[in-house]
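Participant: Once you've had a glance at the structure underneath, I'll fire off some questions.
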Amino acid sequence: MERRLFTFVLASSAFFVVYMGLRILFDVQPPPPANGDPAGVRPAAESLADADTPSDADDATAPEIADGAETADGAEATTDSDPLVAAEAADQTQAEDAEAVDRPGRQTWASLGSMAPDSPYFMMVTLTNRGGGIERIELTERNENGRLKYRRVDTRSGYMGYLAGQPASRIDGVAVNVVGQGTPAATAVAESGEIGLRVGDVVIAVAGTPVTTADEIDQALIDTEPGDEVTLEVIRGTSQNDSESDSDSSSDQTLVFKVTLTEHPLDLVRLASQGGPEQVPGNLSRLSCLLSLEKINRKSIPAGGSRINGMLDATAALWESEITPADEGDANQPAGDLRAVFRLPLSATDLDDASSGLEMQRGYTVRPGSYDIGLDVQIRNPGDSPQEVAYRLEGVNGMTLEGWWYSNKISPNWGGAAARDVVYKTPAMGHDLISGYAMLKQARNEPQSPNHVIFAPDGDDRSKQLSYIGVDAQYFTVAYVPGEGEAMNSFRRAVAGIVADPQVIPDDQERAVNVSFYVDSNVAQLGPGESLQEQLVLFAGPKRPELLANYGLDDTIYYGWFSWPAKLLAGVLHFMYSLIGNYAVAIVMLTVVVRGMMFPLSRKAAINAQKMQELAPEMKKIAEKYKDDMEGRLKAQRELQQRVGFNPMAGCLPMFLQLPIFIGLYRALSVDIELRQAAFASWTNWASNLAGPDMLAYWGDWLWEYLSGRGTGWLGPYFNILPVVVMGLFLMQQKMFMPPATDEQTEMTQKVMTYMTLVMGLFFFRVPAGLCIYFITSSLWGICERLIVKRTIPQGKHFDSAVLEGTAARSSSSSSLADRLRQQLAPEEPQAERPNKRKRPVITQKGGKKRR
């Protein structure tokens, strides 16, 4: 049976390897990312609803998140006119890496930062004047070799740059709304000599394939690789800036650009509609860090709403924008900072109030060599009468899912963590994590109060002193931290919740739900000309301990149990990596060092296994003798083992000692940002992320969804070869070194162990490739160690034959407790009467006389 099973496993593995090799050979690729339409902002969803009305301190109810699909004037929150004629050409010579297009009444985009290899900026932020929010944050820091330090791990195709593309109306193509500094699109060269795409251009073909949507551009690039050169056919015309000349295309010209693609930078924050292959149904697209009025005089956001009734929705309105370097006109800002300012004047009609109006302003500042964005909020009273004002500031949403279908994020709570969770810290609660999975369950089970209230207006002051609040992923965090001072104590309410339709999220994708939060400011009395101001910092970067310590975000790194071996192993791995330059080799070296240090114990375990094989014949004899007496069999086996000095548990000690090492390495791979994106080898794309599965080949397009689905699918959408090798080595070890079965029960136990190994292979099919390398190295070491020890130890010399025979004889002569009980309880047999030795027999003679 074992032979057939082992042959089946090897044959299946060989079939998968050959099949996947043929698929790669014949160019079978994964399906293209479903980016949807990254055309700015989809219809704005309702924000996280208020937990109560501002006049009610009871926070007993937290209304659900609704999907509002219209702006204040009833129009959808998209570009108001043809993108081809709606946007002005950007100034491509701006030396400060800032780009903006500002046409009042139309949606525009701007990017701060750069993706250029020699740029001092670590991020590129895409903003839009519709709502004045953040649409996208991309991390662009480079390694010493010039490659992106943090790239996307869910795609291997080439990257052209984010264009915020929208379908053009008068031409079949995709209108370009933003061109990031240093992106391949900005450095593309046309055959006629022009440099870079411009805002207002219309892309009509990519690599010879006509395109009409941004999703089709992604599909045209799905088969490319970083470094490939592709052609873009672009229409550019002078009539694009004249909204009245839609029908006049006589001045348009067709340009053919050659674009050299790069790796995908990690888009840490993006719209949910731009999730690519990890897009989850039910998650709503919404801009991040939106600002709105929460209270104006006697009016406030009602329970269950996202804006004040009758008032212009600031989160969907078109703000006035101004993009300038921060050092121009502001001597307090260091040179090199980039700044975007959005203003929204609100008249008495906009406010639906008898007041003289308000002016909302917010600014974003991107600094070189930094992972933070400076945020400043200002609500000014330009009138001549005092007003009572409070604002609502939302957090980020649409944070990267970062391979959520295989990742194992560690949570301090028993309920576990999702791919995205809300984290915060106050003196009253300390560091706390609110799981996205738990918030989704709450939204489904309690539709009348779906949100989680972090603190309410009637709470004590210690619960309102925020050290930070943000959205946390496995390796990255995006959080508000104080701009000045030790805590953010200007908020009276904080609420977390999902930005999704809880009934649409699939059951197998619940841990990928979109989450966010909002904070409400304290109510301020603004006199004429006075302002309510707040300065915050939005940290958006990797969870590197030394980096987080600068922002007070240390507690967002959590190792859980066995934290000390995890940190120790991570330190040893980093040291070995500094010597070798490859984390895969460093893991092999770490395994050799660990197993080498445990060699004395492993040798004793090998000797113990050899002793067990020598005792097998005697154990078999005992099993045959006490076939129907389990208690007697166990007693006789214990006596035999004690007599010869054999301890059956001695071989288990090395396994128990390896358990903290196994868990510690698993935790290190799940937490340490340096192990993310670490490649097996630089010359292959296989196993390019040791913190995730090796993903040899995609099989999600034909394998049963229950097995390959992202989420609860056992195997995942990729075939991984390393877990198969691990299971094969485990089975080989069992076959080579497991002692022969002495009875039917032992034989059945060994079969169950074999089956359990296969079942565990299914559960661990998506473990990180780095952990598989550890298992493979450890298994090969164990096999070699057993073979060497077996050859160096004399066979059959552990026990004296006389001792074994004497022990067996005593075992056969001794009776078990059951035997003794049966003898005591058995009925006594009638005994024959014994003759009395003192009395002589009586002999009867003739005549009736007796004599003795």
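Each reported figure results from applying straightforward, stated rules to the coordinates on display, with no laboratory input. Worth saying up front: this structure is predicted, and the values here are computed from it rather than measured. Every residue, glycine as well, gets a Cβ built from its backbone with ideal geometry; the counts of neighbours run over all protein chains shown.
Participant: Hull surface divided by four, with the convex hull built on the Cα atoms of the range 564-792: how many nm²?
Facilitator: 15.6
Participant: At R0 = 51 Å, how high is the FRET efficiency between Val759 and Gln448 if r is their beta carbon distance? Nearest 0.05 is fine.
Facilitator: With a Förster radius of 51 Å, E is 0.75.
Participant: OK, next. Along the Cα→Cβ direction, 7 angstrom out, place labels at Asp252 and Lys735. What is the inter-label distance in nm?
Facilitator: Reported label-point gap for Asp252 and Lys735 is 6.7 nm.
Participant: Residues with amide H under 5 Å of Ala417's amide H, sequence separation 5 or more or different chain, H placed in the peptide plane at 1.01 Å from N; which?
Facilitator: Excluding prolines and chain starts, which carry no amide H, the hits are Ser411.
Participant: With label points built 7 Å along Cα→Cβ from the Cα atoms of Glu486 and Arg544, find their separation and express it in nm.
Facilitator: 2.8
Participant: Excluding Leu729 itself, what net charge comes from residues whose Cβ is under 13 Å from its Cβ, given Lys and Arg +1 and Asp and Glu -1?
Facilitator: So the surrounding residues net to +2.
Participant: Continuing with this model, one more query. With θ set to phi - 60° and the Karplus curve 6.51 cos²θ - 1.76 cosθ + 1.60, what are the ³J(HN,Hα) couplings of the range 398-415 in order, to the nearest whole Hz, using x for Gly and Pro?
Facilitator: Working through the residues one at a time gives x, 5, 4, 7, 6, x, 4, 6, 10, 5, 10, 7, 8, 10, x, 9, 5, x Hz.
Participant: To the nearest 0.05, what FRET efficiency results for Asp508 and Arg643 with a Förster distance of 45 Å applied to their C-beta separation? Don't skip to the end; give the middle numbers.
Facilitator: Values: r = 57 Å, r/R0 = 1.26.
With R0 = 45 Å, the Cβ-Cβ based efficiency is 0.20.
Participant: Moving to a separate point now. Fewest Cβ neighbours within 10 Å first, please rank Ile134, Ile217 accordingly. If you can, show how the numbers build up before the last one.
Facilitator: Working: Ile134 25, Ile217 22.
Exposure proxy ranking, most exposed first: Ile217, Ile134.
Participant: Quick one: if the Förster radius is 25 Å, what FRET efficiency do Ser192 and Glu225 give, using the C-beta to C-beta distance and rounding to 0.05?
Facilitator: Working: r = 27 Å, r/R0 = 1.10.
Here the calculated transfer efficiency is 0.35.
Participant: If you wrap the range 291-558's Cα atoms in a convex hull and average its projection over all directions, what's the area in nm²?
Facilitator: Details: hull surface 61.4 nm².
Orientation-averaged projected area of the Cα hull: 15.4 nm².
Participant: Whose amide H sits under 5 Å from the amide H of Ser467, counting only residues 5 or more places off or on another chain, with H placed in the peptide plane?
Facilitator: Those lying under 5 Å, H to H, from Ser467 are Lys425, Thr426, Met488.
Participant: Could you work out the relative contact order of the range 564-792, using alpha carbon pairs under 8 angstrom and six or more residues apart, expressed as a whole percent? Kindly include the intermediate steps, with their values, before the conclusion.
Facilitator: Numbers: 267 pairs, mean separation 58.6, N = 229.
Value for the range 564-792: 26 percent.
Participant: So which of Lys543/Lys567; Lys735/Lys790; Lys635/Lys751 end up more than 22 Å apart by C-alpha?
Facilitator: Correct reply: Lys635/Lys751.
Participant: Let me ask something else. Nearest 20 debye, what's the magnitude of the dipole of the range 516-662 about its Cα centre given +1 on Lys and Arg Cβ and -1 on Asp and Glu Cβ?
Facilitator: Dipole size: approximately 1340 debye.
Participant: So if each residue of separation counts as 0.36 nm, and I subtract the Cα-Cα distance between Met630 and Ala348, what length gain in nm does that give?
Facilitator: Taking 0.36 nm per residue and subtracting the Cα distance, the gain is 92.4 nm.
Participant: Per-residue HN-Hα couplings for the range 544-556, Karplus 6.51 cos²θ - 1.76 cosθ + 1.60 at θ = phi - 60°, whole Hz, x for Gly and Pro?
Facilitator: Using θ = phi - 60°, the values come out as 8, x, 5, 6, 5, 4, 5, 10, x, 9, 4, 5, 6 Hz.
Participant: Going by how many other Cβ atoms sit within 10 Å of their own, how do Ile171, Ile454, Ile296 line up, fewest first?
Facilitator: Ile171, Ile296, Ile454
Participant: Scan around Arg130 for amide H atoms under 5 Å from its own, H built in the peptide plane at 1.01 Å from N, and keep only partners 5 or more places away or cross-chain.
Facilitator: Those lying under 5 Å, H to H, from Arg130 are Thr108, Trp319.
Participant: With θ set to phi - 60° and the Karplus curve 6.51 cos²θ - 1.76 cosθ + 1.60, what are the ³J(HN,Hα) couplings of the range 128-138 in order, to the nearest whole Hz, using x for Gly and Pro?
Facilitator: 9, 7, 7, x, x, x, 8, 9, 7, 10, 10
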